[in-house]
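Novice: Handing you this structure, nothing more for now.
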Amino acid sequence: MVTKTLHFGTAIISRNKSRPDNAVAACAYRSGQDLHDEKLDKTHHYSNRKGVIEAQIFAPENAPEWMHSNNWSQFGNAIEKAEDGHNRRNSALLAKDFQVAGPRELSREENWELAQTFAHKINQRGLSVAVAFHEEKASDGGDNPHFHFLVPMREVHAEGFGKRYRKFDGVKSGQDTEIMKLRREYYVCVNDALEKAGVNDVRYDAEKQEGIKPKAHKGKQANALEKQGVK
């Protein structure tokens, strides 16, 4: 049996930058849609973006009805509004973006099912998550299936976004962080998906990465967009 690892990176969507990030722009880019920013009265145009296979918002059962409607515009604007109501609005951390590779051994349909399974793991923490499934060609000519799990920094309640989810806050080096726990859970989901698909000669091992801090992977397009203030 072959043992492999998968990329599991994380980035912060934050206003605390020389070029502040914007939640609506982040949602537009990941979902491949044109979304209107209510506060800036500006539309972020990404409907021509290629490689977006699926895009769906997942929320806990106690979330308001609109959060279950897959309305990416409302979702992004709600993230912005939630932070505008707090005293550190100018330096607010808006969301975590988990950038995760999907196993090539799975079909598109199986990879999307994997993404949904992991999204529900995030929902169990009382958090919502906007999931985008992208697939582009890798440098070796093969497929490069990967996901963006955009997770707002605030817990969800019946009215919308509530208190800050503190488990995402930084901890001392070497401690068992919430992000590392999520990475291990993702690997379990991956191996379960492989077994379900009848792939018996490959397994993915999170322990090989235990000493590696999850980091963001940025392609050429992502780097160019970040220079424009879009992350």
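What follows draws every value from the coordinates through simple rules; no lab data is involved. Fair warning: this is a prediction, and the values are worked out from it, not measured in the lab.
Novice: Using the structure shown, list the pairs from 96/196; 50/181; 39/137; 42/181; 17/167 with a Cα-Cα distance above 27 Å, or answer none. Walk me through the numbers on the way to the answer.
Specialist: Numbers: 96/196 29 Å; 50/181 32 Å; 39/137 36 Å; 42/181 37 Å; 17/167 22 Å.
Among 96/196; 50/181; 39/137; 42/181; 17/167, the Cα-Cα distance tops 27 Å for 96/196; 50/181; 39/137; 42/181.
Novice: Same structure, new question: If all Cα-Cα distances of the chain are sorted into 10 Å bins from 0 onward, what percent lands in each bin, rounded to whole numbers?
Specialist: All Cα pairs, binned at 10 Å, distribute as 7, 33, 38, 18, 3, 0 percent.
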